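Structure first, then comments.
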């Protein structure tokens, strides 16, 4: 897929930024990449329960992954190299995030719920129809924390592909003092990956129908967090 869509998997030009911001973006991207790779190599990943990805592949569908923003650190490392396309904010912060994601084998589409969202969704529809898997941090880019937004639901409605909610629960973490309370796993932590049953959205779902499915996605992600806490306390 990377050969067919090179622009999706390559860093964007920084020509629109002043030179100081260009260097800041490059340094921040390198720092995040180094941190994720260094800690990620030490994590002991295991899938708790059923993994729906093989069934989705056998059904000739393409997954739309949905995670909470605070779990992106370990989840990004777990899903690295699979060609998953992520919606990133068209902003200064979004730029360095996009750059380290491409270094981990992700594709990126620019846009968010607050900036360029419609354009980003249209591009994701085009790419998922070509067979590229997608991912959303469903409470990003700025929250509110743990409140699912409608982006993946609209993509599922337009394409007939399932949303796959999951969390990665690490038994030892640091928390960043940010809006999402970002979790950074401590080295050599146990990282459990927990999937929920996929969420399907009917192509003829109206606004109320999409809201029902959004509530279902919210409930499944909340249940995954509760399950993760239960496992961590064992």
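Nothing in this text is a laboratory measurement; each read-out follows from the coordinates by a stated rule. Owing to the predicted nature of the structure, the values given are computational and were not obtained by experimental measurement. So basically every Cβ, Gly included, is an ideal-geometry build from the backbone, and we count neighbours across all protein chains shown.
Miscellaneous remarks
- Put the Cα centre of segment 1-35 next to the Cα centre of segment 157-173 and the gap is 25 Å.
- Expressed to the nearest 5 percent, the antiparallel share of DSSP beta bridges inside the chain is 35 percent.
- When you restrict to C-alpha pairs under 8 Å that are six or more residues apart and normalise by the size of segment 106-217, the relative contact order lands at 23 percent.
- Theoretical ellipticity at 222 nm over the chain - DSSP helices of four or more residues, -39500 (n - 2.57) apiece, nearest 500: -13000 deg cm²/dmol
- Förster radius 35 Å - calculated FRET efficiency between residue 59 and residue 5, Cβ distance, rounded to 0.05: 0.90
- Modelled spin-label separation between residue 21 and residue 146, with each label point placed 7 Å from Cα along the Cα-to-Cβ direction: 3.5 nm.
- FRET E, pair residue 212, residue 47, Förster distance 35 Å, beta-carbon r, rounded to 0.05: 0.75
- Inter-label distance, residue 14 to residue 175: 3.3 nm, where each label sits 7 Å from its Cα along the C-beta direction.
- Nitroxide proxy distance, nm - points 7 Å out along Cα→Cβ at residue 91 and residue 202: 3.7
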